[in-house]
Structures are given as structure tokens and as C-alpha cells.
């Protein structure tokens, strides 16, 4: 509506008096939140007035900071209204089952006659689990973002009207969507955050006489550690604070391009009329903004006639297809193929699912909890034509896990070093946790120094710093000291012959730098996930990518070596 050539669409917005943002926590901490606020600023300029902004959420760890983010420069009263939740006893249990097949067996044997919502944190696992449950005669439905809207609506409606069934979903059913009264929530492994867990367990216990509940079925040792740490953080009352991205140069480019379309041409500093009070942009250094705009002109993404800015030839080439729809989204996504059965759209899969190595037979694919034989592929139109299959299929989507946060990794350390077991642990969980504690203690997990592991021929630094910091530490060690390191959520591992004193010196130097968090190296994965990054000079792209990373400011001060 904002960038359309039809002025009457924009004129519909001049009477806006209020903006209500539901589930505000779900996006306020990433690019979507800043994108939304930038559009709200532009609508406010069209309306010629400040209007009321309301954010709704059940899971916010820092509401006072979030209201300042939502209000921005607006001068009206700011108020946090907290409604005390009804006292509901939560029945939470962590179990260890070892495999997805075992999880399917447990689900099929428990809570017959009840409605069960099972969360998985990948589309592939959702599809595989749904197939396993249907093989066991369980009435099973599926919901995730790659299914067509029609398929999702049908599954949600059928689930809502049934009383003895399972729906397997990703986070698509974490927020908002009404699937009727639920009896049980089951979580395969663990969600990434306590906030996400609170959303999921909050789907239960809504009926009088019922209680909130969640059963964790973990299928790996790392998932078990993650789940036990998450439950411990939840019991302590921890909820992740929502932190808006810093230095959003890529979103500034998006909004500048959108404004040139909306206005038909804009002065070099004309963006300030629309977004000059928006803190995310007004806090950008003016000299940096000038350099960035000149870069866009030099790159022909923008064109300047000396008076006005408009879309340049390169901007038209990159974003002009389908009437500039690329400019209304801050997401990047891999190439997707639509899966079609007859005249019905089943959903979308990415190219990994339809790719096949030369000389190998193409396997059926799984989508909507069913196997489909691939009959034809239209690579130009990106369509896959299928028929139902009786064979085993596969489900694959492109994606890379983000790893554990700093807080979650430190929670794992606390669980491992504790001698207590939780009453929320099943017998299988308790037995496995005792074994894991023994294994990790034998590896020197309680030490903050580098410890030797002759059996694996390497040296380990157990820091429980989380995936991002450990990836950054490994990069710093390689570039500054020539030390190779492998990393995970909990540690860095070095070749056995590594001089650990050099590791200690390099890491202590980094930890002593008060501005270290803003200078940590950024991996290609982080840059690849940054839409419009190829419109930016390299240092601007790195700053924007770094600004999206959620690491608490005091994290480095809590790490010892």
C-alpha cells in the first residue's frame, strides 16, 4: 500500500488512530520489529498525528525497555499494564527416549482420548514424526510454514473438532492460532528460549479444572542437557530480555528505497522528513549515512539527478521484479518449489528435497505427513507434481541451527555441576543425567582452564559461552594467534600439541577489552542471513550483522580462563 502508484491506497491510512501489535515479543528483537516500526512512522507521517501504540505479550522479560522501544520518540504517556495470570500448577516432566522412533512410540501409548500438540523445532522432524505416528494408527495432523495455507487450515480445523488426536507442529502453533481446548503439550527435545517454552505450555490449562503441562521427550544427550537447563531457568523465573538490533544499515537501505517509490523521488536528506525521529535511524552517525547514500548512488542502486533520488538501474534490476515485492520483506529464503497434487497445492519444499545425485533414483518426498512420488518437475516454474506413494519418503529443508544462547549454555553448566536431581525428571532422565555428569566431570568440565583429553588427542577449554561467542573466539584465535580450534555450545577444542599459554593470553586480552563485543568477527552465515547486505559496503554489512546478535553486555565479564 505504501509503495503502490495508487494514491488512494495510501489515503486509506490517514485516519489511523491506533496500532495494536499482538505477540510483540515474537519479532521485536529482530529485523521484523524495526521494519514494522519504520512503517508505523511513515503511516504516522501520512496521518499527521501521533497515534496510540499497544503491544501485547505473555512472555516479556524486560517490559519497561520494550515499551520504550515501541514508543520511540512519541511524547505520550507510557504505561506497562501487567495482568496477574491465574494460579495454575504446571505439570512439567523431562524424559530421555534416545530416538525419534522411541518418541513416536511413547506418544502413541500416552493420553489416549486426549488432544495432544507436539512441538518439533524443524519441519523435517515434524514430517518424520507425523509419518511414524500414522503408522501406529494415531490420528495425526501437521502444521508448519512450508505447508500451503489451505493445508494448514484444514489440519487445524480437523484437529480442533477431534478429541483423540495429535497435531505435530513447528512454532507456527506457538502463537495465536486457536486449535480448541488442548489437553497436552509434548516437546521433542527443547525450544531455543524460555519465552518460547512459556508460549507453548500456555496453550494448555485453559479449561476450568485443567492444568498447564508439558512433557519433554529428548532424543540426544545435548537435547537432554538443553531441556534440563531450560526447565531450571524457567523455575528460577528467567525470561530472555528482548533486545532490538543495533546499527540497522540494511533496513535503512530498504526504507530509503521504499520512500523513493512512495514519493516518486526524494531529496538526499528527505528521508528525515519521514524517519528522522525514528531512533533506530536517527542514532546512525550522519557522516556514515552520507557515505552509505553515496555508495548506493555510485552502485546505481539509486539514481541522483542532483536534486532528487530515485531507483537506479541496478536497484531496478535487483528489486524491480514483481513490482518491488522484495522491498516489503526483510527475509531471505532459499529457492522453493511448490508441491502440487492434481489441482491442489500441498506446500513448499526447497531445492534440496528435489535434488538428486547423478545415477541415483529419486526418492519420494514427505509433506503434510504423507509420502509422495515425484512424477514431474518444472524447474522454470518451480513446481513439483506428485502422486501419493506407499514407499518411504524423505523430508529436507535448508537451514542451520543457531546453537544455544549464552544464558542457556551457562544453565547447562549449572545442571552438570549440580549434585541434585529434579523432581521433574523421569527415571530415564535421571539415570542418563547421572551418567552424563560423570562423563563430563571426567573430562574436567568444572575447570575454567584448558584441560587435556589424551583419549581424544585434544585440549579442551570448557567455557559454556554459547554458540556465537565460541565461534567468535575460534575466529579470533585463528586470525590473531594462528591457533586452530573447533567449537560447539560448551567448549573450544585444540590439537593436543597446542601451547595453551598462548590460548590463555589471547583470550584474556579479548576478555579485557570493554568494546570486544562490538568488534567480534562475523561469519559468512550471519552475513548471508542479512537481506540487503549486498547493497552495503563491507564494514556497514558487518556492523549490521553484528548488531543483530543477542549477547548480553556482561557476558564476557562472566567468562574465566
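Give the residues of region 113-142 whose amide nitrogen is closer than 18 Å to a point set 7 Å from the Cα of residue 150 in the direction of its Cβ. The answer is 142. Sequence-distant contacts, meaning Cα pairs under 8 Å at least 6 residues apart, place the relative contact order of the chain at 14 percent. The alpha carbons of region 434-561 stretch over 50, 32, 25 Å along the principal axes, in descending order.
Relative contact order of region 97-235, taken over Cα pairs closer than 8 Å and 6 or more residues apart, is 28 percent.
In a solvent-free Debye calculation with one equal scatterer on each Cα, what is log10 I(q)/I(0) for region 488-561 at q = 0.12, 0.14, 0.21 Å⁻¹, listed in the order of the q values? Taking Cα atoms of region 488-561 as identical point scatterers yields -0.46, -0.60, -1.03.
Beyond 15 Å, the tail of the calculated P(r) for region 520-561 holds 45 percent of the Cα pairs.
What's the extension gain from residue 11 to residue 499 if we count 0.36 nm per residue and subtract their Cα-Cα distance?
Details: separation 488, 0.36 × 488 = 175.68 nm, distance 6.79 nm.
Gain in length upon complete extension: 168.9 nm.
Entry note, region 443-558: relative contact order of 20 percent, from Cα contacts under 8 Å with a spacing of 6+ residues.
Which shape class applies to region 1-147: rounded if a/c is under 1.5, otherwise prolate when a/b exceeds b/c and oblate if not, where a ≥ b ≥ c are the square roots of the Cα gyration tensor eigenvalues? Prolate, because a/c is 1.5 or more and a/b exceeds b/c. The tail of the calculated P(r) for region 3-77, taken as Cα-Cα distances beyond 22 Å, holds 27 percent of the pairs.
For region 242-271, the residues whose backbone nitrogen is under 14 Å from a point 7 Å from the Cα of residue 290, taken along Cα to Cβ, are 268-269. Of 96, 440, 496, the sequence from fewest to most neighbouring Cβ atoms within 10 angstrom is 496, 440, 96. On a per residue basis, the convex hull of the C-alpha atoms belonging to region 97-235 measures out at 101 Å³. The ellipsoid equivalent to the alpha-carbon distribution of region 170-300 has semi-axes of 46, 18, 14 angstrom, derived from the gyration tensor eigenvalues as √(5λ) and listed largest first.
Percent antiparallel among DSSP beta bridges with both residues in the chain, to the nearest 5?
Details: 31 of 63 bridges.
Among the beta bridges of the chain, antiparallel pairing accounts for roughly 50 percent.
In plain terms, the residue of 360, 531 with the fewest other Cβ atoms within 10 Å comes first and the most crowded comes last, giving 360, 531. Footprinting exposure proxy ranking of 384, 20, fewest other C-beta atoms within 10 angstrom first, gives 20, 384.
If you average 1/r across every pair of different Cα atoms in region 181-240 and take the reciprocal, what Kirkwood value do you get, in Å? The Cα-based Kirkwood calculation yields 12.0 Å. Taking only the alpha carbons of region 407-501, we obtain Rg and Dmax values of 14.9, 47 Å in that order.
If the chain linking residue 373 and residue 136 were pulled fully straight, counting 0.36 nm for each residue of separation and taking away their Cα-Cα distance, it would gain 83.1 nm. Multiplying the residue separation of residue 77 and residue 554 by 0.36 nm and removing their Cα-Cα distance gives an extension gain of 168.6 nm.
Both the radius of gyration and Dmax for the chain are 25.7, 74 Å, in that order, over alpha-carbon atoms. Dividing the Cα radius of gyration of region 336-388 by 2.2 N^0.38 Å, with N the residue count, gives 1.04.
Bear in mind these aren't lab numbers, they're just calculated from the coordinates by the rules spelled out. Predicted model, so just to flag it, every value in this text is computed and none were measured. Note: ideal-geometry Cβ built from the backbone for every residue, glycine included; neighbour counts use all protein chains shown.
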